[in-house]
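Below you'll find the structure, written out as structure tokens, and then a few comments.
The values are calculated or read from the model by the stated rules, or taken from the named source; none is laboratory data. In this text, all values refer to a predicted model and were calculated from it rather than measured experimentally. So basically every Cβ, Gly included, is an ideal-geometry build from the backbone, and we count neighbours across all protein chains shown.
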Amino acid sequence: MTTAEDFDNRDEFSVAVFYSDNLHDYTRRFVSAEQAFKSFLSAIAAAKVGGGITRVIITDGGDATAAEWITGKGLTYPTQEQCEANKVWHEAIQWRTGR
């Protein structure tokens, strides 16, 4: 799991969207964590209004999944428990959900 220490000023995050036809595309490559998170939220909003997006992920510089959202399931990674254990993600999820 991506930890708070991973969220520094390195531009090593990418956002990929997956479509119902099993193709995928990167919406952002090698950007900051903040830019990746904004793109992640934007892609989720687009998926909710249609367009065939079925999955959105953020990957870090080592190509590990830092976040995943799936149509019909919502945020699947990190889990709520992982978010609460990791202050950076917990604050991001609280900001996203308005809690």
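Restricting to region 22-46, name every residue that is hydrophobic (A, V, I, L, M, F, W, C) and under 13 Å from the mean Cα position of the chain (by Cα). If the condition is that a residue be hydrophobic (A, V, I, L, M, F, W, C) and under 13 Å from the mean Cα position of the chain (by Cα), then VAL31, ALA33, ALA36, PHE37, PHE40, LEU41, ALA43, ILE44, ALA45 are the ones that fit. Here TRP89 does not fit the description of being at pLDDT below 90 and either surrounded by fewer than 19 Cβ atoms within 10 Å (Cβ to Cβ) or more than 13 Å from the chain's Cα centre (by Cα) (or both).
Within region 55-81, the set of residues being loosely packed, with under 15 Cβ neighbours inside 10 Å, closer than 26 Å to ASP21 by Cβ and not acidic (Asp, Glu) comprises ALA64, GLY72, LYS73, GLY74, THR76.
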